[in-house]
1. Given the options 157, 142, 191, name the one that is under 17 Å from the mean Cα position of the chain (by Cα), farther than 19 Å from residue 25 by Cα and of a type in the set (Gly, Ala, Ser).
2. Looking only at residues in region 169-179 that are under 25 Å from residue 208 (Cβ atoms) and not hydrophobic (A, V, I, L, M, F, W, C), which one is nearest to the chain's Cα centre (by Cα)?
3. Just the residues that are crowded, with 22+ Cβ neighbours inside 10 Å and in contact (Cβ under 8 Å) with a residue 24 or more places away in the chain, please, taken from region 128-141.
4. Tell me whether region 92-109 contains one or more residues that are in contact with a His (Cβ under 7 Å, 6 or more places away or on another chain), farther than 20 Å from residue 168 by Cα and not assigned by TED's automatic domain parsing to the domain that holds residue 175.
5. From the list 169, 150, exactly one residue is touching a Pro at 6+ places or on another chain (Cβ under 8 Å), without any contact (Cβ under 8 Å) to a residue 24 or more places away in the chain and under 25 Å from residue 14 (Cβ atoms). Which is it?
6. Just to be sure I understand, how many residues within region 60-82 are surrounded by fewer than 19 Cβ atoms within 10 Å (Cβ to Cβ) and in a helix (DSSP H, G or I)?
7. Condition check: touching a residue at least 24 places away in the same chain (Cβ under 8 Å), touching an Asp or Glu at 6+ places or on another chain (Cβ under 8 Å) and assigned by TED's automatic domain parsing to the domain that holds residue 54. Does residue 82 satisfy that?
8. (1) part of a loop (DSSP other than H, G, I, E, B); (2) within 18 Å of the chain's Cα centre (by Cα); (3) modelled with pLDDT under 95: which one isn't true of residue 29, the others all being true?
Amino acid sequence: MGKTRKQDDSARVKGILDELARLYPEADCELRWSSPFELLCATILSAQCTDVRVNMVTPELFRRWPGAHALAQAQKEELEEVVRSTGFFRNKAKNLIGMARVLAEKHDSQVPRTMEEMLELPGVARKTANVVLGTAFGLATGVVVDTHVQRLSQRLGLSKSDDPKRIEQDLMEILPRSEWICTAHQLIWHGRRTCDARKPRCDSCALAPLCPSADVQPR
């Protein structure tokens, strides 16, 4: 008896996961941080901005405001100047100060460890919460869906949706919970290194044989 489509899909997904693990065994968040608070700030700044740019800005940010209590008292105009190059700097400065105030007032200046509490923080949606909970605390509460994960999930046939929330649900259904955190990092690394948004390098992609979107030219 031949394999069913579901069995074929399961085997293909396993092949993708195995190949990603082989390619990127040490994949991790590329934002620089030394505490959950620093990672939270950096992740808020990373919206519509590269990690490289954020990593250029955060040393000065953390030097001036080394914790939630200090950041909660920051002057918005001064903070805006520090984070200006990350884009949308006015809104980001507002969210950083608001987030820090909630941490100082409700959480003893500590980053909470539940999705529900994280989502109460200004500037924090599921992607940011998943980054911090997974990377800082090792808590697999969901799957990070940034622009890379969204793009690769669609190209690899892991989700048919273009809605990040639906994509996250699809990934949570097909991925083992133990791999939610690492697979997101691996997809992000592959998106940055091979599966570019505008010009994916399918000819040199190790995932091409498993990818329904691969455009591999004959040699």
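The values are calculated or read from the model by the stated rules, or taken from the named source; none is laboratory data. Note that the structure is predicted; figures quoted are calculated from it, not measured. Cβ coordinates were reconstructed from backbone atoms using ideal geometry, including for glycine residues, and neighbour counts include every protein chain displayed.
1. Going through 157, 142, 191 in turn, just one is under 17 Å from the mean Cα position of the chain (by Cα), farther than 19 Å from residue 25 by Cα and of a type in the set (Gly, Ala, Ser): 142.
2. 179
3. Those that are crowded, with 22+ Cβ neighbours inside 10 Å and in contact (Cβ under 8 Å) with a residue 24 or more places away in the chain: 128, 130, 131, 132.
4. Yes, the conditions are met somewhere in region 92-109.
5. 150
6. Count: 10.
7. Taking the combined requirement at face value, the residue satisfies it.
8. If we test residue 29 against (1) part of a loop (DSSP other than H, G, I, E, B); (2) within 18 Å of the chain's Cα centre (by Cα); (3) modelled with pLDDT under 95, just (3) comes out false.
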